[in-house]
Structures are given as C-alpha cells and as structure tokens.
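Notes to accompany the following structure.
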Amino acid sequence: MSIITVQIVAAALIGIGLYGALSQQSFVMLMMGLELILNGVMLAAVGFWAYSGTGIPEGQLLTIVVMAVMAIEMALGFALVVAVYRGKQADMTEALEGFKH
Amino acid sequence: MTASLTNALLVMAILAIGVYLVAIINRAWANALGHSGAGNPFTAPFYSAASLWVAPANTTEAPDAMAWHLAPVLYLTLAAMGLALVPWSQNLVPVDLTTGIVLWGALEPLATVVIFLHGWSANAHLSMLGAYRYVSLGLSYLLVSMFVLIGVALPAESLQFSAVVESQAGLWNVIRQPLGLPLFLLVGLGISFWGPLNFADSNDLAGGTSSESSGRARLVWQAGRAVMLVAFSAIGATAFLGGWLGPVLPGFVWMILKTMVVLAMALLLGQLIPRFSPDRFLTIAWVLLLPLAFVDLVWAGLEALP
Amino acid sequence: MSFVDLIFLICGAIAIFSGWRVFCTDSMVRASFFLLISFIAVGVIMLLLGAVYLGVALFFMMAVEMMVMALFMVMFMMNPAGLNPMKMVHQDKFAALAGVVAFFALSAVAVFGDFPDQPRPSDLDPVVTLGKELLGDSMLVFESAGVTLLATMIGVVAMSSHRGRYGDANAGSRPPGLEPGGMPAFSGDQEGSSGGHHHHHH
Amino acid sequence: MAMNWLRQLAAKAPVPVYPLLAGNLRTDIQTMGLDPRIEWVASPRHARVLLVAGELSPATDRAFGKVHDQLPGPAASIWWQGQPLDSLADGATILDKADDLGRVAHQLQVDLLSGKHRGEPALCPDEPPEPWQGLGDIGHGGEGMMGGKPYGRSMAMPTDDLRDGLQLDPMAFSLGPFCSFLPPGLEANVTLHGDVVASFEVCSTPYPSLLPGVFEKALEGPVSITELELARARHYLHQLGHALWINQSGTVAHAVFAKARSLKPGESLNKLKKQLIYTGFYRSAGADKGVLGDSQALMTGGVAARACGRGSDARVDDDGYRSLGFKPLVMDRGDAAARWWLWLEEAQRSLQLAHDAGPGHVKTSNTRSVELLRGASRDGQLPEDGTAMLEDLLPGLEWSEAMAVLASLDLSAVQRAGAGAEGTL
C-alpha cells in the first residue's frame, strides 16, 4: 500500500464511474456513476492526506465536504427524478428531450 | 495475536449466551403472561433450535440466491460486530475503537440494508412487502438513534464507548439525560424488529421477510435478531446505565446485570405492546421522537457546558 | 507483503470489481448494493490509511444512501422488484472509451507525478485534529456545508411534493393565465395533452 | 430407528404445523393450538406438518397443491374432518378427535425425523409455473427495462398512485384461499402501491360459518340462556384473539384463547380489558380505520352494526332476555378498534347474562328472531356473505391497517350445520 497504489485504485473507480455516468439511460443509474466518481475522489483525497500532507486536517475536511456534496447530489437527483416523473412519467434521460427548449 | 483471539472467543461466547438468554427471558415473560405453550424456559430453546437446525431447507422461484443465503449471516455478523464494541469491564473491551459510537451508528443502517436484502432477494410478494415497509419506516428512527448517542458522547468528550462509561462515574446518563434510554430502547426494538416495531417479519404478512425461509437460514436469522437485541441492550447499559461502574461486585458482573435489565424490559415491551400502525408510527417518529431526540441533544449540550 | 498490504489489495479489488458490476448487473436494486459494497471496501481502505472517522462515517453515510436508492428502485418498479433482467445503456463505446482514458490519465498522474513523501505522523490523532479543524479554522466551510444541506432538504421537499406552485400535481397543476381567464403562461408538453399519456419505452 | 442427539432434541420441540382451513374452522384451530405439543405457524415454509381441516373442494386443488408443496420436504399431512386427496390417500394420517392432534403430530414429527416417514410426494411439477419469455439479447423482458413478459407474467406498468399524483408501478398478486391471515376460503386479487392497497378484488368468498349447536337449537326451540351466552362470549374472545395475533400480540392472544376454553358464568374480563387499553391495542393499526357506512353496517349486522351506533340486537325481542333487563350495547365510532372493543364488552356482558340467567334457568322464548354470532336471524333468514364490501372498504388503507380491518369484520355467510353442500360453493 503506497500512494501510487491508492491513487490507481481511485483512478479506476473514477474511470468506471465516468463510464457509468455517460452510458446509463436511467437517471438513478446515472447518479450511481456520479457517486462512484466521488467515491474515487474521496479515496484519492484520503490517500494524499495520509502520504503527502503530513496529516494536515484539511485533507480530511475535503473528504467531509465531498460526502456532503454526495448527499446533496443524491437528494437533489432524487427530487429531480420525482419532479420529472410527475410531469413526464419518465425516468430515462432520453425522455427529457422535450425539456431542451 | 493471542489477545485478539481471546477477544474473538469472548464475543462468540457472549453471542451464544446472549441468544440463549433472550430465549429464556422471552419464554419466561410469555409464561408470566399466560401463554401455556411456551414450555420450560431453560430447555425449550434447545429443542426449538435443534428443530430448526434439522429442518429441511427450501428455495423459492428465481431468488437472488447469493443475497438470500447471505442476508441472515450478514445480519448475525453485524450483530456480532455490535457486541464486539461493548466494553464489558475496564480491561475487557473486545474492540475499543476511538470512533466506536460512529461505528455503532453505521451498523444500524447496514442492518437495515441487510433486512431489506433478506426480504427482497426471496422474490416473493409478502417478503418483499415486509422489506419495503421496514425500510421506509426504519429510516425515520435511525436519526433518533444518532442524536441520542451524540448526546452521551458530549459529556464524555469522546466517541469511544469506554470513555462514555468513565464519564458516568459521577452520575449515570440515565439520570443526566432522562430522555435518552427510552428513545434508544425504541430504536433497539426497531432495529431487531421486535414486538411493537416488527414491521419486517409480522404476522399480517405471514412472517414477512422470513416468510419464505425455513430451517437453518431461519435459525440464523432468529439468532441474529436475538444477538442484535442483546447488543442493543449492552450498548444501552453502557451509554446510559454506567456500564461496568458499580460498587462491591466486579465490573463484568455489573455490566451483565444491567444488560439483562434493559433486555428484559425490551422483551416485555415486545410481548405486551401490539404492533404500531406504520402510518401512525411514521408520524410519531418524525413529529414526536425526532424533536425529543433534539431536546435530548440540547439538554446534553447545556449540561456539558463547563 | 504485510497484513495491511494484503487487506488493501483485497479491498481495492473488491471496490473496483463491485464498482464495475454496478453497471453490468441486470437489476437496479443489485446495482445499488454493488455500489454499497464498493463504498464499504473504500471505507476499509480509509481505515487502513488511518482516517478512522472518515472510514466509519463512509459506512454510515453510504448505507443510508444506498438504502434510499434501493427503495427508490423498488418504488419506481415495484414488480418484480428489479429481479428481472434489463438493459438500458446508450453511447456504450464512447462512454467506455472515456472511462478508460480517464483511468489511464489519472493513473499516469499517480505513477509519474512527484508527490512529497510526507506521511502523517504516527502519533497523530486523526479524529481530534479533524474535530478541531471542523469547529476551528474551517468552521465556515463546515457551517456552509451544513446550511447547504439544510437548504437542499427544504428544496428537495418542495420539489418532490405533489403540491407544486400551482396546486396539486394530480389536479393538473397549471400556471395561471397571462390575462384573467386566458391561456396559461406555459402550456406544458403539447403532445401529452393531445395524445394522452405516453410512456417512454427504451 | 436411529436418531442422532440433534434429532432427538428436535423431536421434543413443539411440532410446527400449518393449518390449512378448508372450512370455517378458525375457532376450533385456535383451541387446538393450546396444546403445548404443537405450534401454529403463519407460513407453510415454517411448517413440518400440514393440518388439512375440513373437506377440500375440487375447485381448490391447485391452490392446495401450492401450499402443500411449500412445506420443505419431507413433510406430512394430517387430515381432520375431511377425506384425504386421492393422490395422498396412501398411508394418510387421519385425525378423529381434535384433542389427539398433539399426540398424532408429535408422532408424525418423530417419524419424519427418524426417516420412517419419507414424506409425501409433491403435487405440482417442479418447474417454473410461467415459462421464461425474455426478448432482448441479454434475456430481458421487453424494450429496455419496461414491458414484456420475462416470466410469462406481465411486468408492471405505471398507474396513478392513490396518495399523490406520482405514477408508480403497482404490485399485483393474489392471495388465498388458504392464507393464514385472511378469513379461510377468501381469495383475493390485490394491487398495492407501496404498501397501500390500491384495489382488493374478491375472487371467492370465505367458507360459510356453521352455527354452533346451541344456536342451532335456539332456532328450533327454547334453550338455556346460560349456554347460549357462554358460546357467544367464547366466539367473541376468539375473534378478539385473532385480531390480537394479527397485531403481533401472539402471547396475549394465546392467553385469550386459553381463557375462552374455560369460561365460567359471571367471570370478569376486567384484567384483560385494562391490559388491552394500557398496551394501546385499541390505538394500534385498527383505530380510525375501516369505518362502515350505513348500508355496510346493515349488511354486516351484529357487533359491527352496533359499533356504528345501530342499536339492533334481536335479543330485545326475547322475553327471556327482557326478564334479565337486557339492553343492547351500542357505540358510535364504527371503526375496527370500536368493533374489537365491543367484542370484549359483549363477551363480558354475555358472561354476566349467563350468570344472571343461571339460577332461574331462564330460557330463550323467541325462535323467529335470534341474535346470532354475526347479525340476527329473522324468520329463518340467516346473514349472507358480505365480503363484497371489502372492495370498497380496503383500498386506500396501508397493508397492516387493511389486515386489521379485515380482522375486525366477520363477513362470511352463516349456515346451519344441516344445510350441507347446497350452500354458496
């Protein structure tokens, strides 16, 4: 376990998350992709904190902020899904084409 | 290495005794309440356990096999992890984590996840319904549990359970924060879906999440519930009743006595009180319990002011 | 290889494998549980790295989040509870390419980047320093996060409530007319009113 | 007969029995469950032994097979008050006396554990009831995640939710006729949104309930009020016990059944009454739910009508009762909890009447108008099946509320024991 291996794991999570966020049709699955990206980001932040930050608390703070962002992302995401579903009976991204105007 | 081995053995022993204890107390209450078929409290648990152990296994149509088989084991594991966090005496703490309270707080939602998994994976209507109902209600009291536990962490100035016990040397938290224990007990009944808060495995769903399982899987599931209740009682005794503190007797004995008191109380409530209406409980949880938990937290904060 | 390295390898493999399974399993409920496993594995790695509070908090946060997610899955497609296979992917190749490029780019940064070797001191108490930071120098950041969360909560409730700005959703929530009794300011989706409800099937 | 020590221990446990009711026999079953050698289980998956109570009709063969095969094998059946199915008749265990159930079931459990009894053959073929009909390249149902019939069953499509405008996938399934928490014989197609009942369609009505012997006699001529009222009190306590069980108070329910078995005239039920009040039974899932409308109350009659403030009680037409100063008990709340409350009050009053009637051996005098256990018999007209009202009553309730309401209503048709097979089936 070193900074390199930790960052590679984080990179893999971000890569998979990116694939998911771009490829999924369902809103909820799309959100899962975003969550996975943030998962990688948190791991990277903690990795840097542990190996090259002399343990400064800001490293952990960043992770806490990312967690809050995740919570906000998910809450807003679900609210949007519900709102869109109410209006359009859709939970797929393509169904939103009409919203572009 | 030997220390961790002894600790693991200790947790295992408490786990086994705990399941037996829950069965004994539960049957004793049933006898006291006029249930003629409860049998001898001391021997009947062995018969029932053996009966479930030798009972044949079954399967359902197209289940999520892995989740279905794993869920009871996972639930038991989570309960065992909860037991491991309990400081049984000053020197006898299987896992004395500096963030013990947070880990306990994580075990509760994870248990909820596992209960959902158990009901969902069988691919049957009634068990699915039990799981769905349980989760939609469970989320409402997890917050209560967290606030109450932060309340006991405040005077201890630590997230470590042993520090919480030491902070009660002057006065137990049950007196210092009188709202804490009742609220916590209710959460305990919810997490082990016992009695009034049994929304997962209820009679109106023919057994809910466990309506499709038989034999050993069901035995493990029941044992998991019992251990979860024991872990809850032990954490409750630690957080509110001063844990191992007490005169004359050794700390270990005090801890066991206090755990048993909380456990007996929970089991009596489970026998006597009918299941809440889910709708009404949701209102109670958000409108009454959550504000009370806030009050408890503010109370603890004011009290902890120097 | 030490014990810690072994655990790290196992957890890293679990995190990546289950993260990948999220997008190729055939049920959304399963997907959310795979995501949870991935998070738990990352939480364990954080514990190994010494972030005691963060690792455990991640378990807590993610268990609740994934539970809500699974609940939503079931709510939106109750029968048969997401146990039927499905396939719902678009721009598959492009997305895969983007993922691979991102992975290699970030890995390259990790491998070839020159990071200072300043490990955290072994006597550092991560929980205490984090607490002091949160309620000390970075109070503003922390409080902002809290206020943002509160605002989110209120906004989310308002957004998902069936009572919108213009009345009940199921009573055909419509904005008032531009002039009294006139056409609504925004007439919604026209096709919906002419062709009835149409469901999107993909 | 070799059994290892585990199996010997297991043989001492109460036998888990699933009661499959092919007749309206719930009261008998509840009394039989007092035997400590058996325990009733709510799901056939939990049972080792199946008790088939009553005569199976050919119409329910498929449903019977499903329940029978859900018992994890090897399992065995006991037949009570009915003939075994032909396919299971070979070596079938037939129960003559209800009191023998404990002994017979225990023996069966020992035989199953020791391998002497090899279990019964399955009645349904071991294959998916609905064939796989996947469409897409990964075997998914229809287009994308929607539509199609992957298991031969249509996937759910969104419909309007009851509570708010959100369109969600409903969960549709059918229950019964041998379901442990529904009235025996009731078969229903249920649609749920979340756990809210969206529709409840009755496919077959519950089995008619047979009048106890003393009521049978009361329709023919004068009978002792003491006897009649004891039977009534017993019946209401059993109903109450079932409601308690549905609301997760199994232990209290067991105590109530035990009490009902040995009722004495003049006995006081105050302790139970207080216990139910203080433990919040009347504020559990049934409170404020399932309020009957006027026509529904008339249709149901009896306690359900009196709980809605309709004071009709045929006992006021009887000189015997009038001589005891009888006045009907009436409440005006009309919800499920009110019916539970009134069951207990009626039971208490029946015990009092039985006591008051005792010394003078007061008898009933009116055979044309008799207050039965559910509603009144007037001029030989017995209460008819009222299950159809569930289709209006249950939608909009959450599942446990719906089940609590169901447990507060007695809707099955009433039949005289002699009436036989020309009944509703």
Between the residues B:GLY301, B:HIS125, B:VAL287, the Cα farthest towards the positive end of the dipole of the range B:2-304, that dipole coming from +1 and -1 charges on the beta-carbon of Lys, Arg, Asp and Glu, is from B:HIS125
Computing the accessible area with a 1.4 Å probe over protein heavy atoms, can you report the carbon and sulfur percentage for the protein assembly as shown? 63 percent
Need the full-extension length gain, D:LYS264 to D:ASP392, defined as separation in residues times 0.36 nm minus the C-alpha distance. One decimal, nm. 42.1 nm
How much accessible area is lost when chains A and C come together, counting both sides, with a 1.4 Å probe, in Å² rounded to the nearest 100? 7000 Å²
How do D:CYS179, C:CYS24 stack up against each other in accessible area, from largest to smallest, with a 1.4 angstrom probe? C:CYS24, D:CYS179
Given springs between every Cα pair under 10 Å in a Gaussian network model of chain D, which of D:ASP410, D:ASP100, D:ASP288 has the largest fluctuation? D:ASP100
Calculate, for the range D:8-114, the solvent-accessible area per residue in square angstrom, rolling a 1.4 angstrom probe over the heavy atoms of the protein chains. 38 Å²
Which of D:LYS327/D:LYS363; D:LYS264/D:LYS363; D:LYS217/D:LYS259; D:LYS12/D:LYS116 have a Cα-Cα distance over 22 Å? D:LYS217/D:LYS259
Here the residues of the range B:44-59 lying in the modelled label zone of D:ASP126, meaning backbone nitrogen under 19 Å from a point 7 Å along Cα-to-Cβ, are B:55-59
In the range D:167-202, which residues give up 40 Å² or more of accessible area once the other protein chains are added, compared with their chain alone (1.4 Å probe)? D:GLN167, D:LEU168, D:ASP169, D:MET171, D:PHE173, D:PHE181, D:GLY194, D:ASP195
Could you give the accessible area per residue of the range B:2-304, probe 1.4 Å, as a whole number in Å²? 33 Å²
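As a test of the definition: with a 1.4 Å probe, what buried accessible area, both sides summed, do you compute for B against D, in Å² to the nearest 100?
4400 Å²
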May I ask for the distance between the Cα centers of the range D:37-66 and the range D:339-409, given as a whole number of Å? 28 Å
For chain B, the longest principal axis of the Cα atoms and the Cα long axis of helix B:290-304 enclose an angle in degrees, to the nearest 10, of 20 degrees
Would you mind telling me which residue in B:PRO274, B:PRO182, B:PRO56 has the biggest mean-square fluctuation in a Gaussian network model of chain B, where springs connect alpha carbons within a distance under 10 angstrom? B:PRO56
In whole µm²/s, the translational diffusion coefficient that Stokes-Einstein assigns to chain B, given a Kirkwood hydrodynamic radius over C-alpha pairs, 10 °C and 1.306 mPa s, equals 81 µm²/s
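For the protein assembly as shown, give me the percentage of DSSP beta bridges that are antiparallel, rounded to the nearest 5 percent.
Among the beta bridges of the protein assembly as shown, antiparallel pairing accounts for roughly 60 percent.
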Quick check: Cα centre of the range D:98-116 to Cα centre of the range C:1-73, how many Å? 49 Å
What nm value, rounded to one decimal, do you get for the distance between B:LEU257 and D:ARG378 when each label is placed 7 Å out toward the C-beta? 6.8 nm
Using a 1.4 Å probe on the heavy atoms of the protein chains only, list every residue of the range D:235-284 that has 40 Å² or more less accessible area in the complete assembly than in its chain alone. D:GLN248, D:THR251, D:HIS254, D:THR279
Quick one: compute the contact order of chain D, relative version, from alpha carbon pairs under 8 angstrom and 6+ residues apart, as a percent. 15 percent
Where the centre of each part is set by its Cα atoms, how far does the range B:167-181 sit from the range A:1-49, in angstrom? 43 Å
Taking R0 as 41 Å and r as the Cβ-Cβ distance between D:SER174 and D:ILE277, the FRET efficiency 1/(1 + (r/R0)^6), rounded to the nearest 0.05, comes to 0.65
Principal axes first, then extents: for the Cα atoms of the range D:278-425, list largest minus smallest coordinate on each axis, whole Å, largest first. 50, 45, 23
Need the per-residue list for the range C:91-106: every residue with at least 40 Å² less accessible surface in the complex of protein chains than in the chain by itself, probe 1.4 Å, sorted by number. C:ALA95, C:PHE103, C:LEU106
Can you give me the distance in nm between label points at C:GLN118 and A:THR5, each placed 7 Å from the Cα along the Cα-to-Cβ direction? 2.5 nm
Summed buried accessible area for D+C [probe radius 1.4 Å, Å², rounded to 100]: 2000 Å²
When the distances between all Cα atoms of chain D are binned every 20 Å from zero, what whole-number percent does each bin get? 23, 53, 22, 2, 0
Ordering D:ASP69, B:ASP96, D:ASP86, D:ASP392 by how much accessible area each has at a 1.4 Å probe, largest first, what is the list? D:ASP86, D:ASP392, B:ASP96, D:ASP69
Using only the alpha-carbon atoms, how far is helix B:251-272 inclined from the longest principal axis of chain B? Give it as 0 to 90 degrees, nearest 10. 50 degrees
Directionally averaged projected area (convex hull, Cα atoms, the protein assembly as shown), nm²: 48.2 nm²
Report the equivalent ellipsoid semi-axes for the range A:3-91 in whole Å, largest first, defined as the square roots of five times the eigenvalues of the gyration tensor built from alpha carbon atoms. 31, 16, 4
On Cα atoms only, tilt of B:125-156 relative to the major axis of chain B in degrees: 10 degrees
Using modelled amide H (1.01 Å from N, peptide plane; none on Pro or chain starts), what sits under 5 Å from the amide H of D:LEU51, excluding residues fewer than 5 places away? D:TYR18, D:LEU20, D:ILE78
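Assuming R0 = 30 Å, what is the FRET efficiency of C:MET139 and B:GLU303, from their Cβ-Cβ distance, to the nearest 0.05?
According to the calculation, E is roughly 0.85.
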So for the pair D:ALA92, D:LYS116, with labels modelled 7 Å out along Cα→Cβ, what separation do we get in nm? 2.2 nm
If the label point is 7 Å along Cα→Cβ of C:LEU9, which residues in the range C:37-59 have backbone nitrogen under 19 Å from it? C:41-42, C:44-46, C:48-49
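The values are calculated or read from the model by the stated rules, or taken from the named source; none is laboratory data. Predicted model, so just to flag it, every value in this text is computed and none were measured. Neighbour counts run over all protein chains shown; Cβ positions are idealised from the backbone, glycine included. Only protein heavy atoms, including side chains, enter the accessible area calculation; ligands, DNA and RNA are left aside. Shrake-Rupley method; radii C 1.70, N 1.55, O 1.52, S 1.80 Å.
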